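Colleague: So that we are looking at the same thing, I have put the structure below in structure tokens.
Since every read-out is calculated from the coordinates, none of them should be taken as a lab result. Not measured: the values here are computed from a predicted model. Here the Cβ is made from the backbone with ideal geometry for all residues, glycine too, and neighbour counts use every protein chain on show.
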Amino acid sequence: MILLFPEPFEICVLVLAVLILVALYRLVAGPTSPDRVVALDAINTLVVGIMFALGVIFRENIFVDVAILYAVLSFIGTIYYAWYIGGRYT
């Protein structure tokens, strides 16, 4: 069923999806590796926001649990990439 007036969290999901596309452009076209790492981290953060919004929309706690786990793994991955690019983890 198509709603004429979507809920605020549905609009939030759409806005976050558009922002993911913008960050995806920076991920592909980024001139340096740090730019790509920052874009990937931004995409991961936006995905966590979408998971939280979907948890509110569907009233399911599992989205929040998965979002927290995804955020922790994303943080660890970002730290690893930063060390690798910085030359400290070789």
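Colleague: Residue farthest toward the positive end of the dipole of the chain, with Cβ of Lys/Arg at +1 and Asp/Glu at -1: which of Cys12, Gly86, Ile62?
Modeller: Positive-most Cα among the choices belongs to Gly86.
Colleague: Let me ask something else. Based on Cβ point charges of +1 for Lys and Arg and -1 for Asp and Glu, what charge dipole magnitude is obtained for the chain about its Cα centre, in debye rounded to the nearest 20?
Modeller: Value, rounded to 20: 320 debye.
Colleague: Helix 62-86 against the longest principal axis of the chain: what's the angle in degrees, Cα atoms only, rounded to the nearest 10?
Modeller: 20
Colleague: Which one, (1) 7.0; (2) 5.0; (3) 5.7, gives mean projected area of the Cα convex hull in nm² as derived from the coordinates shown?
Modeller: Matching the structure shown: (1).
Colleague: Next question, about the same structure. What ranking of Asp41, Asp65 emerges when the number of other C-beta atoms within 10 Å of each C-beta is taken as an exposure proxy, fewest first?
Modeller: Asp65, Asp41
Colleague: Against the longest principal axis of the chain, how steep is helix 8-29, in degrees 0 to 90 to the nearest 10, with axes from Cα atoms?
Modeller: Result, in degrees: 20.
Colleague: At a threshold of 8 angstrom on Cα-Cα distance, excluding pairs fewer than six apart, so keeping six or more, what relative contact order does the chain reach in percent?
Modeller: Answer for the chain is 27 percent.
Colleague: Okay, next question. What's the local net charge at Val28, with K and R +1, D and E -1, over the other residues with C-beta under 12 Å away?
Modeller: Spelling it out: positives minus negatives among the neighbours equals +1.
Colleague: Nearest 10 degrees, 0 to 90: what angle lies between the long axis of helix 33-58 and the longest principal axis of the chain (Cα atoms)?
Modeller: The helix 33-58 is inclined about 20 degrees to the chain.
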